[in-house]
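What follows is one structure encoded as structure tokens, with my remarks underneath.
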Amino acid sequence: MLDYIKLIRPKTLIYIAVLQYLVYETILKTVLQSYILEFIPDQVPIILIIVATAFITAGAAVLNDYFDVKIDRINRPERVIVASTVERANALVFYGILTAIGVVAGVISGIISQNYTTILVFIVVPGILWFYSSTYKRQFIIGNIMLALTAALAVLIMAIGFVTTIIKTNPELIYNIFIVNQCYKITLILALFVFLCTWIAAIYKDFINEAGDREMECRTMVIKLGAKKSKIVLLVLIFFVSLTALIFGLDFGNVNSLIFKYIALMINLPLLALMYLTIKAKTVNNYSQTLFLVKIIIVTGILFGLFYTFTMAKEHGFPIFGLFLLK
């Protein structure tokens with residue numbers, strides 16, 4: 001049983017669930033509360049989206065280990081579970097059960113909120129993840145982009161589900177395009193941030209897993225372009241994330257605004273450090289350090305939502321998480 005729990009990567013599932021909840025609680029609800037203090041959200045579809053995402057992600061983790069047995073025996077033999085303590089056939093059945101639960105939860109969420117986009121996403125994404133793990137993960141660029149896209153969808157699906165739900169429970173909001181656009185605008189930017197950072201992290205993993213990937217004749221960016229050119233791609237992506245974050249910060253005010261200062265200190269400063277470490281990186285340990293820093297940057301980017309809620313609650317006078325007012 002413990003091995004099955006390890007297969008689904010509980011820490012990753014907790015991270016994704018927290019990410020989606022924070023998007024809902026600190027960004028989407030905050031946008032709504034900034035303009036409408038009283039509203040009645042239906043939380044059931046939102047909870048089902050989080051459950052669906054968690055189960056599909058868990059299934060994808062099992063599937064990834066199922067297809068990566070040979071590579072993992074080279075890169076991380078001590079962590080191999082599938083074909084070691086869990087039979088491959090059992091792992092595949094486990095994947096099917098997890099994914100089926102996720103798809104059903106996602107479809108029910110879409111039916112309740114009458115959101116056919118949600119239904120489509122939760123039917124299509126498992127297929128994307130199957131092709132990613134079985135084939136495209138080992139291909140040049142496309143595998144990294146597919147992984148980054150599914151990570152971004154985990155953020156974007158919250159906005160899609162939320163907007164549909166609040167319009168269903170509060171039909172008059174359909175006439176307030178500004179609120180709807182603001183929900184999508186901030187969530188899209190966060191989704192872009194997650195997309196780029198996930199892509200960056202995937203390239204660092206390609207550096208770390210290069211030995212096993214070469215043995216299995218994979219065509220990752222590091223193998224296809226080499227270390228020097230792959231670093232250039234990384235630096236360009238990191239610069240683009242930094243520039244986008246600064247522009248997003250300025251959208252809330254000038255350089256003296258609290259939101260801009262948060263972005264500059266908690267996101268852009270670590271990004272500069274990441275660029276420096278990338279230039280200097282040579283060993284697997286070096287790239288493991290850069291990967292760890294990317295994970296920290298993603299967390300600080302997500303925690304922006306808490307800072308955003310604090311700022312908007314103070315400006316518009318609504319209680320933070322419905323608990324207390326700021327003076």
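Can you run down the residue pairs with Cβ atoms below 8 Å, 6 or more apart or on separate chains, where the first is in segment 301-327 and modelled with pLDDT of 75 or more and the partner is assigned to a strand (DSSP E or B)?
Once the first residue is modelled with pLDDT of 75 or more and sits in segment 301-327, its partners that are assigned to a strand (DSSP E or B) give Thr309/Ile320; Phe310/Ile320; Ala313/Ile320.
Report, ordered by the first and then the second residue, all pairs with beta carbons closer than 8 Å, sequence separation of six or more or different chains, a first member in segment 216-234 that is farther than 21 Å from Ser134 by Cβ, and a second member that is loosely packed, with under 15 Cβ neighbours inside 10 Å.
Correct list of pairs: Lys231/Ile279.
Tell me whether segment 220-234 contains one or more residues that are under 30 Å from Gln43 (Cα atoms) and crowded, with 18+ Cβ neighbours inside 10 Å.
Residues of segment 220-234 that are under 30 Å from Gln43 (Cα atoms), as a first pass: none.
No, that holds for no residue.
For segment 123-160, which residues satisfy the criterion of being part of a loop (DSSP other than H, G, I, E, B) and either among the small types (Gly, Ala, Ser) or without any contact (Cβ under 8 Å) to a residue 24 or more places away in the chain (or both)?
Of the residues in segment 123-160, the ones part of a loop (DSSP other than H, G, I, E, B) are 135, 139-141.
The answer is Thr135, and nothing else.
Considering segment 53-73 alone, what residues qualify as being part of a helix (DSSP H, G or I) and either at positive phi or among the charged types (D, E, K, R) (or both)? Can you show your working first?
Restricting attention to segment 53-73, the residues satisfying the condition of being part of a helix (DSSP H, G or I) are 53-67, 69-73.
Hits for segment 53-73 are Asp65, Lys70, Asp72, Arg73.
Of the conditions (1) free of Cβ contacts under 8 Å to residues at least 24 places away in the same chain; (2) closer than 16 Å to Ile208 by Cα, Val284 clears all except one; give me its number.
In the conditions (1) free of Cβ contacts under 8 Å to residues at least 24 places away in the same chain; (2) closer than 16 Å to Ile208 by Cα, Val284 misses (1) alone.
Yes or no: segment 229-242 includes at least one residue that is in a helix (DSSP H, G or I), modelled with pLDDT under 90 and closer than 21 Å to Ala148 by Cβ.
Filtering segment 229-242 down to residues in a helix (DSSP H, G or I) leaves 229-242.
From the residues that got through so far, the ones that are modelled with pLDDT under 90 too are none.
Among the residues of segment 229-242, not one is in a helix (DSSP H, G or I), modelled with pLDDT under 90 and closer than 21 Å to Ala148 by Cβ, which makes the answer no.
Could you say whether any residue in segment 15-28 is touching a helix residue (DSSP H, G or I) at 6+ places or on another chain (Cβ under 7 Å), closer than 25 Å to Leu92 by Cβ and touching a residue at least 40 places away in the same chain (Cβ under 8 Å)?
Looking for residues that are touching a helix residue (DSSP H, G or I) at 6+ places or on another chain (Cβ under 7 Å), closer than 25 Å to Leu92 by Cβ and touching a residue at least 40 places away in the same chain (Cβ under 8 Å), one finds at least one in segment 15-28, hence yes.
Quick check on segment 89-106: of everything there that is crowded, with 18+ Cβ neighbours inside 10 Å and of a type outside the set (Gly, Ala, Ser), which residue is farthest from Lys70 (Cα to Cα)? Talk me through it step by step, then tell me what you get.
Filtering segment 89-106 for residues crowded, with 18+ Cβ neighbours inside 10 Å gives 91, 94-95, 98-99, 102-103, 105-106.
Keeping just the survivors that are of a type outside the set (Gly, Ala, Ser) gives 94-95, 98-99, 103.
Values: Phe94: 20, Tyr95: 19, Leu98: 23, Thr99: 24, Val103: 29 Å.
Only one residue tops the list, namely Val103.
Could you run through segment 74-109 and say how many residues are touching a residue at least 60 places away in the same chain (Cβ under 8 Å), in a helix (DSSP H, G or I) and within 28 Å of Ile145 (Cβ to Cβ)? Don't jump to the end; show me each part of the working.
At the first step, the residues of segment 74-109 found to be touching a residue at least 60 places away in the same chain (Cβ under 8 Å) are 74-75, 81-82, 85-86, 91, 94, 98, 108-109.
Now restrict to residues that are in a helix (DSSP H, G or I): 74-75, 91, 94, 98, 108-109.
After this cut, where a residue has to be within 28 Å of Ile145 (Cβ to Cβ) as well, the list is 74-75, 91, 94, 98, 109.
Count: 6.
So if I check each of Val80, Val124, Val86, which one is surrounded by fewer than 22 Cβ atoms within 10 Å (Cβ to Cβ) and at pLDDT 90 or above? Break it down stepwise before answering.
Values: Val80 fails: at pLDDT 90 or above; Val86 fails: at pLDDT 90 or above.
Answer to the check: Val124.
Being surrounded by 13 or more Cβ atoms within 10 Å (Cβ to Cβ) and at pLDDT 85 or above is the filter here, so list the residues in segment 243-259 that pass it.
Listed by number, the residues that qualify are Thr244, Ala245, Leu246, Phe248.
Kindly provide the set of residues from segment 262-272 that are without any contact (Cβ under 8 Å) to a residue 40 or more places away in the chain and surrounded by 14 or more Cβ atoms within 10 Å (Cβ to Cβ), ordered by number. So that I can check it myself, show each step before the final result.
Step one: of segment 262-272, the residues without any contact (Cβ under 8 Å) to a residue 40 or more places away in the chain are 264-272.
Once the filter is applied, which keeps residues that are without any contact (Cβ under 8 Å) to a residue 40 or more places away in the chain and surrounded by 14 or more Cβ atoms within 10 Å (Cβ to Cβ), segment 262-272 yields Ala264, Met266, Ile267, Asn268, Leu269, Pro270, Leu271.
Look at Val180 and say whether it is without any contact (Cβ under 8 Å) to a residue 60 or more places away in the chain, more than 27 Å from Gly305 (Cα to Cα) and either out of contact with any Cys (no Cβ under 6 Å at 6 or more places or on another chain) or assigned to a helix (DSSP H, G or I) (or both).
Spelling it out, it is not the case that Val180 is without any contact (Cβ under 8 Å) to a residue 60 or more places away in the chain, more than 27 Å from Gly305 (Cα to Cα) and either out of contact with any Cys (no Cβ under 6 Å at 6 or more places or on another chain) or assigned to a helix (DSSP H, G or I) (or both).
How many residues are assigned to a helix (DSSP H, G or I) and either touching a helix residue (DSSP H, G or I) at 6+ places or on another chain (Cβ under 7 Å) or over 20 Å from Phe307 (Cβ atoms) (or both) when one looks only at segment 244-263? Talk me through it step by step, then tell me what you get.
Taking segment 244-263 first, the residues assigned to a helix (DSSP H, G or I) are 244-250, 258-263.
Within this subset, residues satisfying the condition of being either touching a helix residue (DSSP H, G or I) at 6+ places or on another chain (Cβ under 7 Å) or over 20 Å from Phe307 (Cβ atoms) (or both) are 244-246, 248-250, 258-260, 262-263.
Residues meeting the conditions: 11.
The values are calculated or read from the model by the stated rules, or taken from the named source; none is laboratory data. These numbers were taken from a predicted model, which means no experiment stands behind them. Don't worry about glycine lacking a Cβ; one is built from the backbone with ideal geometry, like all the others, and counts go over all protein chains shown.
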